[in-house]
Amino acid sequence: MSGAALGLEIVFVFFLALFLLHRYGDFKKQHRLVIVATLLAWYLCFLIVFILPLDVSTTIYNRCKLAVNSSPAESNGSYVTLAPSKQKCFKPWSYIPDGIMPIFWRVVYWTSQFLTWILLPFMQSYARSGGFSITGKIKTALIENAIYYGTYLLIFGAFLIYVAVNPNFNLQWNQLQTIGIAAANTWGLFLLVLLLGYGLVEIPRSHWNGAKRGYLLMKTYFKAAKLMTEKADAEENLEDIMEEVRKVSESIKYNHPLRKCVDTILKKCPTEYQERMGRNMDDYEDFDERQNSYPSEKSLAKLHKQVIYSVQRHRRTQVQWQILLEQAFYLEDVAKNESSATRQFVHTFHSQEPENKIIQYFYTPTVEWYWECLLRPWFYRVLAVVLATFSVIVVWSECTFFSTHPVLSLFAVFIQLAEKTYNYIYIEMACFLTIFFLSICVYSTVFRIRVFNYYYLASHHQTDAYSLLFSGMLFCRLTPPLCLNFLGLTHMDATISHKNTQPTAYTSIMGSMRVLSFIADGFYIYYPMLVVILCIATYFSLGTRCLNLLGFQQFMGDSEMTSDLIDEGKELIRREKRKRQRQEEGENRRREWKERYGNRDDSTRSRAVHTEQKESSFTETNANRPLSKYTRSNGRTERDRIELLQDAEPLDFNADSVNDDPLESDSGR
């Protein structure tokens, strides 16, 4: 059973990471190496979060077993018990045998560090490169990362020289390894506290505001106005880039050495632009016949990079606009159905995607009305209160976890109470809920944050390769300090508890932080207190106000700019709604016409075909008659027909001579 628990969590976490990556990435269009690297980074980070509670319960059992088996004389040795028990220790259902967890953590940790510091930065540059070959992309990635890697090597080399020259330091390889781990965790902890302070306040507040009537609709109007601006900018940028591609395609002909590069660029363009450029191409002219200045391969690589970025951005804004329209229409339906007397949810537009029959059977219009108009606001309020309670507990524990006598961290109190009774189910559930809430606060901020258009995790398969790889880097750098912070909150870390007890397997691979006492006793303990200041700043929306002052419009209820954007978004949604209604009305009329006159149209079509056959047979019969007789009898009719069609028929200006009277040419024939 012990191995089954570990195996089930490994499989479950893999499918969880695969599901999230499928939601944000695009398996069909993105490179396989990008998908595999991002999936591996996400999978390892989620795996650490899910497996760590099993490590805690196994460590508590090992402590109990050691306390029971040790004599009083031995209890004063290398290990001391936290709560001596005269009862026999019960093995937890998820017990992991000795020797497995240290190897497991060592493989997971060093693989994630290799990804975040070496492989993923290189793949970021490789994915954004505009090179036309694998060798060119690798060369570009190495050049871009030379400064990145060189800085770390310079710092590490200077540190090694300092240690070798200074006689006061006698560091071994294990201690150097611990210093490297401490440096990586310090950088991660610095970023962790910033993201955690935002998530602890924003997650409960977003659920509380979601329960307010009209709040989500006003925010959707605001998003619509901003997204329309971004959408227009993306379309204009794409038009400019396509114009440059057209000029390059016309200047570089079929037999030019760089024509393969141009064809590669054209394949990345949208289909309508490819067809338009294909019609204007003139491949009959050699590039040597004109003395033009042709672009270099480097400039084509830059253009290739711009094409990839502009096409991805244009596609993303188009998809997001359609999703935002559906969301706005649905929220307007919710506001309209709140005053419904029939208590049945009525949609303005039918869903464009086919719904599941099982969902239609259970989620009826009546159930939908009770959920959307009555139950969902209360559910969001209760959930917001629960999340706010967890946030308060986290903030209190972050400020008091260094106190061991008395124990002030509430998470440590819960774990120690369960440790006295060896209730492993409670221990694992308490550990899982604690680290899961911390992970949600941190990871959700990573998914929400947006750095202009360079880093942006967009759902519905609209995230580019650069943003996926960057998110994998952030996860790998944030997860180890997050787990160490969790172990500190629960006093399972000997560095925090100041007790000579058996450490967890995860802590053992990190090494003893006593090598760097100013980090272990200073930064790790006092820096997390900064989360209080960050929570206060987030509660009063200081960051949002600063961005507003800098010109980045943010949703604020007391801002005049926000009100203007809400009105603009409301007008945009109203315009799109009228357009959608006209389309549906036209489709309904065509459907009704087809249902009503479908048989009559078929009979009319059959009669028309029969008439055409008779006329064709009549024409074939008359064709065998003498031409003079046909001309004399039908001359007037032929003249009238030609005069009616004279304006409609195009003139052939390339002919040798043009006759004024079309009858002359006809009679001549």
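Details
- Efficiency of FRET between Tyr363 and Leu542 - r from beta-carbon atoms, R0 51 angstrom, step 0.05: 0.80
- Here Arg106 and Ala183 are evaluated by their C-beta separation; at R0 = 22 Å the FRET efficiency comes out at 0.75.
- For Val68 and Met429, a Förster radius of 22 Å and the Cβ-Cβ distance give a FRET efficiency of 0.35, rounded to the nearest 0.05.
- Cross-link check: pairs Lys65/Lys420; Lys137/Lys268; Lys212/Lys336; Lys137/Lys260; Lys137/Lys302; Lys28/Lys302 evaluated at a Cα-Cα cut-off of 18 Å; pairs beyond the cut-off: Lys28/Lys302.
- When you filter the chymotrypsin sites (Phe, Trp or Tyr not before Pro) in segment 329-403 for DSSP loop state and at most 16 other Cβ atoms inside 10 Å of their Cβ, you are left with Phe349, Tyr363.
- Nitroxide proxy distance, nm - points 7 Å out along Cα→Cβ at Leu375 and Lys336: 2.4
- If the segment from Thr421 to Phe14 were pulled out straight at 0.36 nm per residue, it would be longer than the present Cα-Cα gap by 143.2 nm.
- Model label points for Gln583 and Phe452, set 7 angstrom from Cα along the Cα-to-Cβ axis, are 3.4 nm apart.
- The lysines whose alpha-carbon is closer than 19 Å to the alpha-carbon of Lys579, local same-chain residues fewer than 8 away aside, are Lys231, Lys570.
- Centre-to-centre, using Cα atoms only, segment 1-39 and segment 318-334 are separated by 30 Å.
- Residue-span extension gain [Ile323 to Ser293] - 0.36 nm each, minus C-alpha spacing: 6.3 nm
- Segment Thr348-Arg213, extension gain: residue separation times 0.36 nm, minus the distance between their alpha carbons: 46.7 nm
Throughout, read-outs are computed from the coordinates displayed, never taken from laboratory work. All values reported here derive from a predicted model rather than from experimental measurement. All Cβ positions, even for glycine, are placed from backbone atoms using ideal geometry, and neighbour counts span all protein chains on display.
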